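Encoded as structure tokens, the structure appears first; notes follow it.
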Amino acid sequence: MNKCLTTFIALFMFTSYKAQSQPDMQKIVIHFKHVANGKSLHPDSVYQNPLGETYSVKKLKYYLSNLGFNKQVNTNISLIDAFATDSIKIMLPYPAKKGTFNFQLGVDSIYNCSGAQEGVLDPLNGMFWTWNTGYINFKLEGQSDYATTKTKHFEYHIGGYTGKNKTMRQIRLPYAGTDRTTQLYILVNLDNFWKGQSDIKISTTPVINSPGAIAKSAADNFSGLFSIIQQ
Amino acid sequence: MAGILFLVLLFFTGAYEKYGPTPLPFVVPKGWPQPPTNIFASNPSTREGFLLGKTLFYDGNLSRDSITSCASCHQYFAAFSTFEHSFSHGIENRFTQRNAPGLFNLAWKTSYHWDGGVNHLEVQALGPITDTNEMGETLDNLLLKLRNNPQYPPLFKAAFGDTAITTKRLLKALAQFTGNLVSAGSKYDQVKNGKDSFLPYEQKGYEIYKQYCSSCHSEPLFTNDKFSNNGLGLNKLNDLGRKRITGLSRDSLQFKIPSLRNLKLTPPYMHDGSMGYITQVINYYTVIDSSLPQLDPILKKPIRLSERNKAELLAFLFTLTDTSFTKNKNYAPGEHIIFRH
């Protein structure tokens, strides 16, 4: 509970700090382009991961929060679904000069420990663990002949919000543009899910569905998934 | 102008209908600690919210088979446990994996379930509602059923201001009911409040309790809400308890320490209901093998009780039975809400 409280205070301080400055806000549309093997992600296509395993993707959903340029962020939380919601519109102060576009992949701990939530955090969205309270920050499901499960199904539900098991990850992407474009394109390359700081091999780990060391190492690969497509 | 004045007057006199649920203050029984967190902090306790929560609690529509309600496994007369069942029956004759605990004094808990996997009362109900062995329903379908049931939109409106039926409101209403289940009217409580006194053998039992049981089953809640490995070992369901949540081997076979309150009404005992009688439980603690790996260190010190001592302890434990709780009409199915604190 103390952890909850600290996060809450931190969040509160952060939001009050934000309220003091009044930057030039504007609506921007962020598009997420999901690819594997250089091809667009499609539920009927078969891909091969960098570890040589073939697979298809049935589901790819993840939470993003605190999106923004440099130090200015929008605290709204978005749920991206590669096959349904692959773009979001948010109000952001536009950067005066180049820097970084930042966001966190996952849901802040405060929302994991303060009871029933709504909107994108509604447990209806299938991104909430009922038996071990907490949000699934990132969900990837599919089929692969390499999976040792009976149904050849693989399932990566990456979550965990406390201490060492925390799977929320800060992502910082270098941003070069200074023109006032209202569209931002982000490439989400699934190839890097399997091979990054650690290898996630379908043949050895077809299922991750609880917080812990394996979920944490999968989360360590998150930062490699994203890059900005320069227009 | 006169019209506007009339409207303003109406507003101030409160003569026009506006959303105004009646607060249902949560009262901490005399001599009890404040709950560690305020479970009603973002879910103000109201009579309307409580009534909605109670209606949902007793409604079989919350399950996929539309007959299994929360109350199927949490029975009113058994202090909301499943009487005489080691495992409760879910839908389609399925068995649950653990013994359904009694529901009372939940506001003092910081985690729920035998393994403490649930961190807030509001999200607790999601487990049993969606678990395939319990109520096996999906949230989508449940919300659809509630929206199409003419009974519910007015109840949601009374509780929350409009007829929208959402997961959040469903969970908050259930938490208003379960969070308000307070059991503090046992003979033990009467004695503590100076309104009754223990019989000599109950008093002796109380001394034995204080010596051997109170460090885990601490007064006045009769649990310290922590986890312990009491040496029961791995059951046939391979239930590792707390380890499943934390992933830590030191938490293997640790389970939530249950309250001793209403013990008489909540057989069988232990996380898997493997002991049918309280006497069995008392005997168990006097013969634990202290060499068991990972046994809670507190249980390594032998508990030696004579048969007479065991009977005295049992007599004390029976003073924790709260019939004012199990006969409280506010908690029974139906519309009674006559709280007097």
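The values are calculated or read from the model by the stated rules, or taken from the named source; none is laboratory data. Bear in mind that the values here come from a model prediction, so they are computed numbers and not experimental data. In this analysis, Cβ positions are derived from the backbone assuming ideal geometry, glycine residues included, and neighbour counts consider all displayed protein chains.
All conditions but one from (1) surrounded by 22 or more Cβ atoms within 10 Å (Cβ to Cβ); (2) within 12 Å of the chain's Cα centre (by Cα); (3) more than 13 Å from chain A (Cβ to nearest Cβ) apply to B:Ala78; the one that does not is (1).
Checked against the criterion of being among the aromatic types (Phe, Trp, Tyr) and either part of a loop (DSSP other than H, G, I, E, B) or surrounded by fewer than 18 Cβ atoms within 10 Å (Cβ to Cβ) (or both), region A:146-160 contains one or more residues that satisfy it. Scanning region A:200-218 for residues that are in contact with a helix residue (DSSP H, G or I) (Cβ under 9 Å, 6 or more places away or on another chain) and in a loop (DSSP other than H, G, I, E, B) returns A:Ile200, A:Lys201, A:Ile202, A:Thr205, A:Asn209, A:Ser210, A:Pro211, A:Gly212.
Could you say which residue among B:Ser197, B:Ser183 is surrounded by fewer than 22 Cβ atoms within 10 Å (Cβ to Cβ) and farther than 30 Å from B:Thr138 by Cα?
The match here is B:Ser197.
Scanning region B:258-269 for residues that are part of a loop (DSSP other than H, G, I, E, B), in contact with a strand residue (DSSP E or B) (Cβ under 8 Å, 6 or more places away or on another chain) and either closer than 9 Å to B:Asn99 by Cα or aliphatic (A, V, I, L, M) (or both) turns up just one, B:Pro268. When residues in region B:38-79 are screened for being hydrophobic (A, V, I, L, M, F, W, C) and part of a loop (DSSP other than H, G, I, E, B), 5 of them pass. State which residue is farthest from the chain's Cα centre (by Cα) when the search covers only region A:92-133 and only residues that are more than 8 Å from chain B (Cβ to nearest Cβ), buried (at least 18 other Cβ atoms within 10 Å of the Cβ) and within 26 Å of B:Asp239 (Cα to Cα). Out of the qualifying residues, it is A:Trp129. For the structure I just gave you, tell me whether B:Pro293 is farther than 25 Å from B:Ala315 by Cα and either modelled with pLDDT of 95 or more or not assigned by TED's automatic domain parsing to the domain that holds B:Pro35 (or both). Judged against the criteria, B:Pro293 is a match.
B:Ile245 meets the stated requirement of being crowded, with 20+ Cβ neighbours inside 10 Å, touching a His at 6+ places or on another chain (Cβ under 9 Å) and not aromatic (Phe, Trp, Tyr). Of all residues being within 14 Å of chain A (Cβ to nearest Cβ) and over 24 Å from B:Lys172 (Cβ atoms) in region B:92-113, which is surrounded by the fewest Cβ atoms within 10 Å (Cβ to Cβ)? Just the residue, please. Looking at the filtered set, the residue picked out is B:Gln97.
If you go through region A:42-67 and keep only what is over 14 Å from the mean Cα position of the chain (by Cα) and at positive phi, you end up with just A:Gly52.
From the list B:Thr178, B:Thr223, the one residue that fits, being within 14 Å of chain A (Cβ to nearest Cβ) and either in contact with an Asp or Glu (Cβ under 8 Å, 6 or more places away or on another chain) or not hydrophobic (A, V, I, L, M, F, W, C) (or both), is B:Thr178.
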